[in-house]
Amino acid sequence: MKWQGRRKSDNVVDRRRVRAGGIAVGGGLGGVIVLVLYLLLGGDPSDIQQNLQIGGPSTSTEVGEPLSAHQEEMGEFVAVVLADIEDVWGELFRQMGLEYREPRLVLFTGQVESACGYAAAATGPFYCPGDENVYIDLAFFEDMQRRLNAPGDFALAYVMAHEVGHHVQNLLGITDQINDLRGRLSERELNQVLVRLELQADFLAGVWAHYAWQDTDFLDSQDIEEGMNAAAAVGDDRIMRQTQGYVVPDAFTHGTSEQRARWFRKGLETGDIRQGDTFAAEEL
Ligand SMILES: [Zn+2]
């Protein structure tokens, strides 16, 4: 990817040097007081969660070594890719007559607290609908490169675009529809629905790549190849084989390597959000 010198997003919150302890993240003491007042006044806490600023007043302290040159560069890369993702989804939402609310992307090290709860890096990158933030520990990415043999900078861009895909699902009301199914379906049935949700996020990552690819100064075919590898590398069957040594199809929540690569490719080739109804697809 030829990313140097391009626009950087303002929506990256870099907490890699912040110790996550106590109430470090999620609004800090000020946020807690506001929340208590709000509850006393009879408000709904899920409303106010959205207003708590990550990176606001905080009791945490900056710790440890400054970031290495490589880590600094990875932070810049993330900001450039996020800016491009913002441009693409901003335009696609405008074409649909909708407004695109940009998510923030929180870089963290080790563990982080989100509106969706406390997360360790072992969770992998995730999107929290409650605060509309994407959370990424870049150590996960380095691990993915090493263990799953998915090299290249586009693999990280793919992971980011997949997580922002979950944000797009949230803005379009798809996430709420799925949440309504929880408790009404068996675990097995719910897993099958969640696979479709994940494959759609892969498709949406492909839609972003479709437009990013049109900018030939940014992506080349080699990058796209890396994206396909990354989509395959994070398939549930591959991960399960690496971590457990066997595959348990009913426990899939992300789809197989082949399915993930296929939906990413479909988004990449069409660039058409209407082609991505994984819930209606007879064959995944
Ligand atoms: Zn996902």
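Numbers for the structure displayed
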| read-out | value |
| --- | --- |
| Some residue of the stretch 196-210 being farther than 14 Å from GLY276 by Cβ and open to solvent by less than 60 Å² (accessible area, probe 1.4 Å) | no |
| Which numbered condition PRO125 misses (of (1) within 11 Å of the ligand (Cβ to nearest atom); (2) modelled with pLDDT of 90 or more) | (2) |
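For every residue, the table says whether it meets (1) assigned to a helix (DSSP H, G or I); (2) away from the ligand (no atom under 14 Å from the Cβ); (3) free of Cβ contacts under 8 Å to residues at least 40 places away in the same chain.
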site	(1), (2), (3)
ASP143	yes, yes, yes
ALA155	yes, yes, no
MET160	yes, no, no
ASN170	yes, no, no
GLN177	yes, yes, yes
ARG188	yes, yes, no
ASN191	yes, no, no
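The values are calculated or read from the model by the stated rules, or taken from the named source; none is laboratory data. Because the structure is predicted, anything quoted here is derived from the model rather than measured. Don't worry about glycine lacking a Cβ; one is built from the backbone with ideal geometry, like all the others, and counts go over all protein chains shown. Calculation scope for accessible area: heavy atoms of the full protein, side chains included, ligands and nucleic acids excluded. Shrake-Rupley method; radii C 1.70, N 1.55, O 1.52, S 1.80 Å.
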